[in-house]
1. Provide the percentage of antiparallel DSSP beta bridges, counting only those with both residues in the range 172-250; round to the nearest 5.
2. Carbon and sulfur: what percent of the range 148-301's accessible surface (1.4 Å probe)?
3. Based on the mean of other Cβ atoms within 10 Å per residue, sort peptides 170-177, 109-116 so the most packed one is first.
4. For q = 0.09 Å⁻¹, what log10 I(q)/I(0) does the chain give under the Debye formula with an equal point scatterer on each alpha carbon and no solvent?
5. Using the heavy atoms of the protein chains and a 1.4 angstrom probe, tell me the accessible area per residue for the chain in square angstrom.
6. What is the mean projected area of the alpha carbon convex hull for the range 34-158, to one decimal in square nanometres?
7. Just add up the charged neighbours of Ile76: K/R +1, D/E -1, any other residue whose Cβ is under 12 Å from the Cβ of Ile76.
8. Say we join alpha carbon atoms closer than 10 Å with springs in a Gaussian network model of the chain; which of Val164, Val229, Val80 then has the biggest fluctuation?
Amino acid sequence: MPTVQEIAEAIGEKLSGGADVRGDATAPIRGLAPIDSAGPDQITHLSGPAYRRFLPGTGAAAVLLRESDAHACPSIAVVVANPYLAFAFVSQLFATPPRIPLGVHDAAHVDATAHVDPDAAVGPGAVVGAGAQIGANAEIRANAYVGEGSRIGAGTVLHSNACVYHGVRIGQRCVIHSGAVIGADGFGFTPGETGELVEIAQLGGVTIGDDVVVGACSTIDRGALADTVVHDGVKIDNQVQIGHNCEIGEHTLICGAVGLAGSTKIGRHCALAGGAGVAGDGPVEICDYVQVGVVTTITRSITEPGVYSGGVLHNTNKRWRRNALRFNQLDELARRIARLEKDTKRG
């Protein structure tokens with residue numbers, strides 16, 4: 001078990017201002033726990049005022065906290081400028097993700113023209129198609145699929161039943177969770193002369209940068225001509241739909257159940273909360289440093305950084321029904337107000 005001092009030194013190298021231990025730095029730490037339930041061999045964190053009431057009574061061996069809270073800490077204080085960021089780094093010290101054995105499992109199928117690095121791992125039931133490339137320390141877990149000509153970068157993990165179609169490029173140290181589908185056809189159809197829907201062949205691919213996470217059962221469609229692009233550091237939650245030819249900028253966060261229509265462009269360091277949707281009459285672009293609230297629908301481009309929200313807050317069903325009727329009358333009410341203002345000016 002690492003000591004408090006060893007933990008502080010490990011995370012202090014990554015934190016502006018380092019980590020200062022107040023108390024017995026030789027105390028061993030077994031793991032992490034919430035501040036209200038941590039035990040005498042665990043470390044916890046105080047990252048927000050809502051949890052400050054638990055600090056005086058915490059049973060944790062050590063607490064990651066700010067200087068302003070150190071005086072109230074009954075145990076070892078590890079003083080940092082950003083406790084939640086420090087907690088993130090500490091959590092990585094205790095993470096022990098399972099790994100599969102190096103090499104190609106006897107029950108896997110790797111095409112003779114594919115290249116699997118000797119330091120990569122391909123699990124049972126996995127399929128690696130013709131001309132595909134699997135980088136060093138990558139893991140293609142049980143029943144995952146890598147299509148023809150696709151490239152999986154070093155250290156990237158495809159969890160069980162993840163599906164990567166043909167012509168997809170995924171960078172280094174990415175995580176593609178179970179059920180995710182990368183490179184399915186974009187939803188492209190046009191009416192034919194007799195009303196039938198004619199498919200537009202999706203000839204592009206998908207390019208994903210380094211350190212990207214794609215959540216379980218999320219989908220990233222291939223482009224119609226050019227690639228759909230997800231840049232470095234993007235984190236995508238579960239059950240997200242990203243349409244064909246979208247582009248997502250570096251270190252943007254996309255939460256569960258978000259839907260992006262084709263050709264949407266999202267900037268860098270943005271955050272789209274759960275259930276948000278982006279679609280308009282034409283391609284929608286969102287600039288850098290934009291936060292979009294829960295279940296907000298964006299139909300026009302956003303050119304100024306900031307926080308944007310929409311939708312209607314919940315209410316009792318009776319009041320919601322009454323207000324819904326009034327929503328349908330807004331246009332008429334606006335015209336009546338305009339007439340009244342016009343009459344008032346005449347008077």
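The values are calculated or read from the model by the stated rules, or taken from the named source; none is laboratory data. Keep in mind it's a predicted model, so treat the numbers as computed, not measured. Using ideal geometry, Cβ is built from the backbone for each residue, glycine included, and neighbour counts are taken over all protein chains shown. Heads up: the accessible areas ignore ligands, DNA and RNA and are worked out on the full protein's heavy atoms, side chains in. Shrake-Rupley method; radii C 1.70, N 1.55, O 1.52, S 1.80 Å.
1. Values: 3 of 17 bridges.
Percent antiparallel among DSSP bridges in the range 172-250 is about 20.
2. Numbers: 3600 of 6690 Å².
Taking all protein chains in place, the range 148-301 shows 54 percent carbon and sulfur surface.
3. On the way: 170-177: 21.9, 109-116: 15.2.
Going by the mean number of other Cβ atoms within 10 Å, highest first, we get 170-177, 109-116.
4. One equal scatterer on each Cα of the chain leads to -0.70.
5. Working: 18630 Å² over 347 residues.
About 54 Å² of surface per residue is accessible.
6. Details: hull surface 40.1 nm².
Averaging across all directions leaves 10.0 nm² for the Cα convex hull.
7. Working: positive: Arg22; negative: Asp20, Asp24, Asp41.
Summing Lys and Arg as +1 and Asp and Glu as -1 gives -2.
8. Evaluated over the chain, the most mobile residue of the options is Val80.
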